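One structure, pasted below without further comment.
The values are calculated or read from the model by the stated rules, or taken from the named source; none is laboratory data. Everything quoted here is computed from the prediction, not taken from an experiment. Quick reminder, even Gly has a Cβ in these numbers, built from the backbone with ideal geometry, and neighbours come from all protein chains shown. Areas reflect the complete protein model, heavy atoms only, side chains present, ligands, DNA and RNA absent. Shrake-Rupley method; radii C 1.70, N 1.55, O 1.52, S 1.80 Å.
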Amino acid sequence: MENDKINGKIQLKGMLLGELENTLTELGEQKFRAKQIFKWMYGSDINTFDEMLNIPKELRKKLSESYILNTLRLHSSQVSEKDGTTKYIFETEKNHKIESVIIPDDNRITLCLSTQVGCPLDCKFCATGLMGYKQNLTSGEIIDQYLLASKYFNKKITNIVYMGMGEPLLNYECSISSLKIFNSELISNIHLKHITVSTSGIVPNIYKLADSGLNIRLALSLHSCFNEIRNEIMPINKKYPLAELIEASKYFTNKTGLKITIEYIMLKDVNDRDEDIKGLAKLFSQLPIKINIIPFNSLKHMNPEGLSLELKPTSKERIDYFVSKLKEKNIQVMVRDTQGEDIDAACGQLAIKMNK
Ligand code: SAH
Ligand code: SF4
């Protein structure tokens, strides 16, 4: 559906091995070529079919007549002077702009990638939510963020987080295809245990993901243990309320054996009260979780209105207190860095004004 024709051509990138085999069979070609093309597409940084040296010239020509290889082009990039975080703005064939961020750490290089142009879920604290939704990315566009970021950053990416623009579980098929390709043994890219998908809680697709056999890590953007509050800051909670979300999370953990990471943005007087500590402790008694405390990144650059305007970050002292109380309850808690803040590349700050 999303892989519409561009100038009469289809994106070849994004296809799984089986899909490539079918495509080649339809073209009257031998199936074994699929593996060769797969390796070129996902395991190298070539730009044209003509660079696929072990593919016969005729086939390269045939492919280039009906398919396109590269799905994104680099529009611009910005490097944080503080911490080396690098933001890439890519442009799709349909001229939509999306962002990917590389976050270098001591021994890890993490890529934060986008799955949608904007996001329809309208979380009140999120810049992407404020910009609205344009469309899903194709699996090729998800993978190209990795391929291009690897090329331009020029160091091996060790981890991927699906935490850029958009809700990966609302673009389920393409997100899953990209995960399968990253995990393919034909190209030794990135092991699934180094990939985290973050969701705001699309319950039916949490079940699907648990059943997919892909043992990726799941992060759940919880941000409140109370429906009244979660409904306000994350409208998706009205569709999939907390009780259902917790059931789905239990199912995921039982099925995969993996602990879910709870993402929790600290919002002053909204979810940083003593009763919120109790709420998290109660959740921990039902479900093995790790908690990632995220300092709220300001949306000032977006000129927010309504509730979004009223949300304020919790003070550092209160975050320290909150964290120490959770630790007293033996909960594993981490406070996330606000890397990339100076270039609007930190968590939840991704939004392209030009797309508006
Ligand atoms: N849609 C998915 C993944 C993208 S958002 C999700 O919501 O989980 C990635 C993370 O950034 C989420 O945990 C989200 O809650 C967080 N985030 C959004 N806006 C933020 C902000 N202004 N400050 C800090 N984190 C934010
Ligand atoms: Fe969408 Fe996630 Fe932002 Fe919510 S936090 S609007 S789900 S990208």
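Name every residue in the range 138-178 that is open to solvent by 10 Å² or more (accessible area, probe 1.4 Å), more than 30 Å from residue 233 (Cα to Cα) and either in the same structural domain as residue 13 (by TED's automatic domain parsing) or not hydroxyl-bearing (Ser, Thr, Tyr) (or both), in order of residue number.
Within the range 138-178, 147, 148, 151, 153, 154, 155, 156 qualify.
Enumerate the pairs (first residue in the range 174-186 and under 18 Å from residue 161 (Cβ atoms); second residue anywhere and of a type outside the set (A, V, I, L, M, F, W, C)) with beta-carbon separation below 6 Å, excluding pairs fewer than 6 apart on the same chain, so at least 6 apart or on different chains.
That search, which allows pairs on different chains as well, returns 174/138; 174/139; 175/115; 175/168; 177/139; 178/139; 181/42; 182/189.
Follow-up question, since we're still on this one. Restricting the search to the range 259-290, which residues are under 18 Å from the mean Cα position of the chain (by Cα) and not polar (S, T, N, Q)?
Initial filter on the range 259-290 (under 18 Å from the mean Cα position of the chain (by Cα)): 260-265.
Of everything in the range 259-290, those that are under 18 Å from the mean Cα position of the chain (by Cα) and not polar (S, T, N, Q) turn out to be 260, 262, 263, 264, 265.
Take residue 135 and tell me if it is within 16 Å of ligand 1 (Cβ to nearest atom), surrounded by fewer than 24 Cβ atoms within 10 Å (Cβ to Cβ) and among the polar types (S, T, N, Q). Steps first, answer last, please.
Values: within 16 Å of ligand 1 (Cβ to nearest atom): yes; surrounded by fewer than 24 Cβ atoms within 10 Å (Cβ to Cβ): yes; among the polar types (S, T, N, Q): yes.
So residue 135 passes the test.
Need the failing condition index for residue 134 against (1) at pLDDT 95 or above; (2) touching a Gly at 6+ places or on another chain (Cβ under 8 Å), just the number.
That leaves (1) as the condition not met.
For (1) at pLDDT below 95; (2) within 30 Å of residue 351 (Cα to Cα), each residue gets a yes or a no:
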site	(1), (2)
35	no, no
61	no, no
80	yes, yes
90	no, yes
105	yes, yes
115	no, yes
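Something else about it: Among the residues of the range 116-147, what is the count of those that are under 16 Å from the mean Cα position of the chain (by Cα) and either more than 13 Å from ligand 2 (Cβ to nearest atom) or of a type in the set (A, V, I, L, M) (or both)?
15
Within the range 1-86, considering only helices (runs of 4 or more DSSP H) that don't extend past its boundaries, which have at least 3 residues that are without any contact (Cβ under 8 Å) to a residue 12 or more places away in the chain? Steps first, answer last, please.
Details: elements: 17-26, 33-43, 57-66.
Hits in the range 1-86: 17-26, 57-66.
Only one of these conditions is not met by residue 232: (1) buried (at least 18 other Cβ atoms within 10 Å of the Cβ); (2) within 16 Å of ligand 2 (Cβ to nearest atom). Which number is it?
(1)
Right, next: If I filter the range 252-271 for residues that are under 20 Å from residue 231 (Cβ atoms) and hydroxyl-bearing (Ser, Thr, Tyr), do I get at least one hit?
Step one: filter the range 252-271 for residues under 20 Å from residue 231 (Cβ atoms), giving 262-271.
Remaining after also requiring hydroxyl-bearing (Ser, Thr, Tyr): 264.
So far as the range 252-271 goes, yes, one or more of its residues are under 20 Å from residue 231 (Cβ atoms) and hydroxyl-bearing (Ser, Thr, Tyr).
Another question, then. Looking for whichever is among the acidic types (Asp, Glu) and in contact with a helix residue (DSSP H, G or I) (Cβ under 7 Å, 6 or more places away or on another chain) here; the options are 247, 232, 305, 341. Which one fits? Even if it seems obvious, please write down each step before you answer.
Working: 247 fails: in contact with a helix residue (DSSP H, G or I) (Cβ under 7 Å, 6 or more places away or on another chain); 305 fails: in contact with a helix residue (DSSP H, G or I) (Cβ under 7 Å, 6 or more places away or on another chain); 341 fails: in contact with a helix residue (DSSP H, G or I) (Cβ under 7 Å, 6 or more places away or on another chain).
Testing whether each residue is among the acidic types (Asp, Glu) and in contact with a helix residue (DSSP H, G or I) (Cβ under 7 Å, 6 or more places away or on another chain) leaves just 232.
Here's another thing I want to ask about it. Given 245, 267, which one is touching a Gly at 6+ places or on another chain (Cβ under 8 Å) and open to solvent by less than 40 Å² (accessible area, probe 1.4 Å)? Explain how you work it out, then say what you get.
Values: 267 fails: touching a Gly at 6+ places or on another chain (Cβ under 8 Å).
Result: 245 is the single residue among 245, 267 that is touching a Gly at 6+ places or on another chain (Cβ under 8 Å) and open to solvent by less than 40 Å² (accessible area, probe 1.4 Å).
Related question: Name the single residue, out of those in the range 277-300 being out of contact with any Gly (no Cβ under 7 Å at 6 or more places or on another chain) and farther than 21 Å from residue 227 by Cα, that is surrounded by the most Cβ atoms within 10 Å (Cβ to Cβ).
At the first step, the residues of the range 277-300 found to be out of contact with any Gly (no Cβ under 7 Å at 6 or more places or on another chain) are 277-296, 298-300.
Applying the additional criterion that residues be farther than 21 Å from residue 227 by Cα yields 295, 298-300.
Details: 295: 19, 298: 19, 299: 21, 300: 10.
Step by step, filter the range 277-300, then rank; the result is 299.
Which residue, of 47, 70, is in contact with a Ser or Thr (Cβ under 9 Å, 6 or more places away or on another chain) and on the phi < 0 side of the Ramachandran plot?
Details: 47 fails: in contact with a Ser or Thr (Cβ under 9 Å, 6 or more places away or on another chain).
Step by step, each of 47, 70 is checked, and only 70 is in contact with a Ser or Thr (Cβ under 9 Å, 6 or more places away or on another chain) and on the phi < 0 side of the Ramachandran plot.
When you scan the range 310-322, do you find a residue that is within 16 Å of ligand 2 (Cβ to nearest atom), surrounded by fewer than 15 Cβ atoms within 10 Å (Cβ to Cβ), within 30 Å of residue 134 (Cβ to Cβ) and touching a residue at least 12 places away in the same chain (Cβ under 8 Å), even just one?
no
Can you pull out every residue in the range 96-109 that is within 13 Å of ligand 1 (Cβ to nearest atom) and open to solvent by 20 Å² or more (accessible area, probe 1.4 Å)? I'd like the intermediate steps shown before the answer.
Kept after step one, since they are within 13 Å of ligand 1 (Cβ to nearest atom), are these residues of the range 96-109: 98-101, 103.
Answer for the range 96-109, where residues must be within 13 Å of ligand 1 (Cβ to nearest atom) and open to solvent by 20 Å² or more (accessible area, probe 1.4 Å): just 103.
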